[in-house]
Every structure is written in C-alpha cells, then in structure tokens.
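Remarks on the structure that follows.
The values are calculated or read from the model by the stated rules, or taken from the named source; none is laboratory data. Values in this document were obtained by computation on a predicted structure and should not be read as measured data. Cβ coordinates were reconstructed from backbone atoms using ideal geometry, including for glycine residues, and neighbour counts include every protein chain displayed.
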C-alpha cells in the first residue's frame, strides 16, 4: 500500500485494526473518555513496571537519589 507521497506504507497494526472497529461502531463521548482513561492507566502501569525493573537492575535506592539531589 502506498501513501499520498508514493512511499510504501506498512499494513495497519493490530491495535489500529481494533480501534477502527470501535470507530465503525461509534461510541459516546463518555465511553471514549473512559477508553482513554483505561489506555492511559494501562500504559502508565507498564511504564512503572519497566522503571521498577531498571531501578532494581541499577541497584538504585531512595538514598542514592537523595544524595544526588544534595550534590547537584
């Protein structure tokens, strides 16, 4: 598939396909807002989990960051 500039465009992702299904059905503004909140929480939770993993891998502690702030 080519876009308007003639460049090849990859097919839609699985997420894009699911969102298009929602758009085709139509949802109320209230439902749309609820979906946005659910997606935001989902991605926030994933980001926190990844940050916690890095925190542990690096051996960070609250004291490490308190000291870093005092030295800055």
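Any idea how many residues of segment 55-65 are part of a helix (DSSP H, G or I) and surrounded by 10 or more Cβ atoms within 10 Å (Cβ to Cβ)?
Number of matching residues: 3.
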(request) Taking the options 48, 2, name whichever one is modelled with pLDDT of 95 or more and on the phi < 0 side of the Ramachandran plot. (result) 48
(request) Six or more apart or on different chains, Cβ under 9 Å: which pairs go from a residue in segment 16-44 that's in contact (Cβ under 8 Å) with a residue 12 or more places away in the chain to one that's in a loop (DSSP other than H, G, I, E, B) and surrounded by 10 or more Cβ atoms within 10 Å (Cβ to Cβ)? Could you list them? (result) 35/27
